[in-house]
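One structure is given below, encoded as structure tokens.
All of the numbers you see were taken from the coordinates with simple rules; none came from a lab. Worth saying up front: this structure is predicted, and the values here are computed from it rather than measured. No Cβ is skipped: glycine too gets one built from the backbone with ideal geometry, and neighbour counts run over all protein chains shown.
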Amino acid sequence: MLKSTGIATNKDLETVIPAKERLLKGPVAVIECFEKIPCNPCYTSCKRGAIKEFADINDRPELDVDKCNGCGVCISNCPGLAIFVVDEAYSETEALIKLPYEFFPLPDEGAFVTGLDRAGKPVCRAKVIKIQNGKAQDRTPVVSLAVPKEFSMEVRSMSLEDYYSDNTIICRCEEITLGEIREYIRKGYQTVDEIKRISRAGMGPCQGRTCGPLIMEEIARATGQNVADLKVPTYRPPTVPIKLGQLVGGEKNE
Amino acid sequence: MNKTASAVIIGGGISGCAIAYNLAKKGMKDIVILEKEYLCSGATGRCGAGIRMQWGTEMNCKLAKYSVEFFETANEVLEYEYDIGFKQGGYLIIAATEKEVTQFKKNVALQNSLGIPSKFITPLEAKEIVPHMDETKIIGATFNPKDGHLDPFHTTQAYANAAKRLGVEIMTYTEVTGIKVENGKIKGVQTDKGFISTPVVVNAAGGHSQQIGEMVGINLPIFSERHQILVTEAVEPMQGPMFMSFSQNIYCQQTPHGSFIMGRGDPNEPRDLRVTSGWEFLEEMAKTCIKFLPPLKDLRMVRQWSGLYNISPDRQPIYGTVKDAEGFYLACGYSGHGFMFGPVTGVVMAETILGETPTIPIHMLGIDRFEKGELLLEPSVV
């Protein structure tokens, strides 16, 4: 899969993600390097000797998780942008992820952005805690993001758009914001159909094509369920809006 | 989960929520509402959301007037945080036959005598109220400016929230599977989540009232049938009142949101519990709508659905007790008008259950009227 998509699978990741006990102790590097290529700056940059010496320069790096203190020097030194530092002891509910980010503009510290997974799909809201962009980073800035703990092994990049802000419009036809949807979920509305009836989300011309799945994701997030286990909303005819005149025949529906 | 309640109300629509609210307001404790799905998932949430006082029987006029006057102040009385969305744009009920003209003149006289400000008007006067109508297709109309439109979801939620604040427990996704009766008295309700001991059960199950009646061994003289409805895209406000015809079988109203909502009955509809949608309805609906309101041919319909009318022999509600099961109360058979009667249902049913004299005398709406043959047939229904 990795060869055709460029996206690491769970099986690939199992070989590089440190054990849970180590993760809970504090920051540690996660080296998502799966390709045998002649490259070793991670080894040469690590002052603590946590990345073992390469017998063959084509070898993949091997991390001694007990020596690694998560300083993050290797992040900017990796030409493949394959190294991250994850701190699962950051707070009760959040993990801190340090990631390389070679795009302009850089976000402001304190800003909310959207955490993206390895495929570039938005997964959660993230807060920019720190940006390291000094000489040592050599034009590969390192961004520290605080994310909900369950996404510590999902988020590997970010979008500067704050998709998960309360102000994001979820239902474009009826202009219902994510904040409103969240409020209804907090008040106990359990399904898309219930939220549709009280908020009008999904009642417009597109009939919930966009907002239906988004609301399901938000219900799953807020209630700790899987989207696959949620009740699918009722879809009603017609598939596309149709003129009353056309229903009686003789008129074209442009 | 096994528990005890002073009253169990079956049905989480407007009737059930309004009855629970009124009982709690009068001081009753430990009231439980049982709802198979979620609030408004049945007939209330599927209705056309029209509210009118223009009826052909004194009883329906009184029930409707009480309800309209409540809706006018419901946001404040129920202390609702959102808005129930009551728009009083009136109802324009058109007469297409001479028989209707005669009936409507009688209706208006009756309505006026009860303080309902309806009037009989000419086709041209009707066109002034709904400028896009084809007035040549009608021979008269009645208009009451105080009729209108109301959001069923928010209105039911307003009642439910107020009831919860008074201690009512609302159990959604809880299905009634049986009712225990011993020696002619109600003992409790069996649900898929456990048994609730109670001396009082209210049948406010809308389209499923017949099935609830069977659980206590009563064959209610009611039946349910599907009524279909469609809604269009939202457009700028262009139609103030509901446009309605009994003989032509149409109701069509622009909601405060801008969409047009319209429906009609089908004389060949089978009596069952289906809430599916069919294409035949779309064609007939569009034909009737375009005949009277030609410019609406360019509106796009975005959705169709259906709901159950729970129909009684005289098209008036059935309220009150039953002979063979003490503690079993009926609030059903609204024949398509349960939503607009919600407030009065709540009040008179709570009073009946608590042994008080009902605000509006409803003894003639008891189930025994069918045995006695004392029917007052409502002529004004779609």
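Values for this structure:
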quantity	calculated
Hits in the range B:25-56 - residues which are charged (D, E, K, R) and farther than 30 Å from B:T276 by Cα	B:K25, B:K26, B:K29, B:D30
Failed criterion for A:I131 (all others in (1) β-branched (V, I, T); (2) within 29 Å of A:N226 (Cβ to Cβ); (3) free of Cβ contacts under 8 Å to residues at least 40 places away in the same chain hold)	(2)
Filtered residues of the range B:246-268 (kept if over 18 Å from the mean Cα position of the chain (by Cα) and buried (at least 21 other Cβ atoms within 10 Å of the Cβ))	B:Q254, B:S259, B:F260
Within the range B:98-199, strands (runs of 3 or more DSSP E) holding 3 or more residues that are within 21 Å of B:G48 (Cβ to Cβ)	B:140-144
Pick from the range B:154-182, criterion touching a residue at least 60 places away in the same chain (Cβ under 8 Å) and acidic (D, E), ranking: farthest from the other protein chains (Cβ to nearest Cβ)	B:E175
Check on A:I195, crowded, with 22+ Cβ neighbours inside 10 Å and either out of contact with any helix residue (DSSP H, G or I) (no Cβ under 8 Å at 6 or more places or on another chain) or part of a helix (DSSP H, G or I) (or both)	yes
Residue in the range A:220-238 that is within 14 Å of chain B (Cβ to nearest Cβ) and farther than 30 Å from B:M171 by Cα present	yes
The range A:94-127, residues that are of a type in the set (K, R) and assigned to a strand (DSSP E or B)	A:K98, A:R125, A:K127
Selected residue (criterion: surrounded by the fewest Cβ atoms within 10 Å (Cβ to Cβ)) from residues of the range A:81-123 that are farther than 17 Å from A:M158 by Cα and among the small types (G, A, S)	A:S91
Selection from the range B:81-108 of residues that are among the aliphatic types (A, V, I, L, M) and within 24 Å of the chain's Cα centre (by Cα)	B:I84, B:L92, B:I93, B:I94, B:A95, B:V108
Output for the range B:289-304, where each listed residue is more than 7 Å from every other protein chain (Cβ to nearest Cβ) and either of a type in the set (F, W, Y) or farther than 14 Å from B:Q253 by Cβ (or both)	B:K291, B:F292, B:P294, B:P295
Test: residue in the range B:138-152 that is closer than 30 Å to B:V322 by Cα, in contact (Cβ under 8 Å) with a residue 40 or more places away in the chain and not small (G, A, S)	yes
Residue in the range B:41-51 that is touching a His at 6+ places or on another chain (Cβ under 8 Å), surrounded by fewer than 24 Cβ atoms within 10 Å (Cβ to Cβ) and over 23 Å from B:M238 (Cα atoms) present	no
Residue under evaluation A:M203, criteria (1) part of a helix (DSSP H, G or I); (2) touching a helix residue (DSSP H, G or I) at 6+ places or on another chain (Cβ under 7 Å), criterion not met	(1)
Residue among B:D147, B:D151, B:D83 that is surrounded by 15 or more Cβ atoms within 10 Å (Cβ to Cβ), among the acidic types (D, E) and within 14 Å of chain A (Cβ to nearest Cβ)	B:D151
Unique residue being within 14 Å of chain A (Cβ to nearest Cβ) and either farther than 20 Å from A:R236 by Cα or not hydrophobic (A, V, I, L, M, F, W, C) (or both) when the list is B:G240, B:G258, B:G265	B:G258
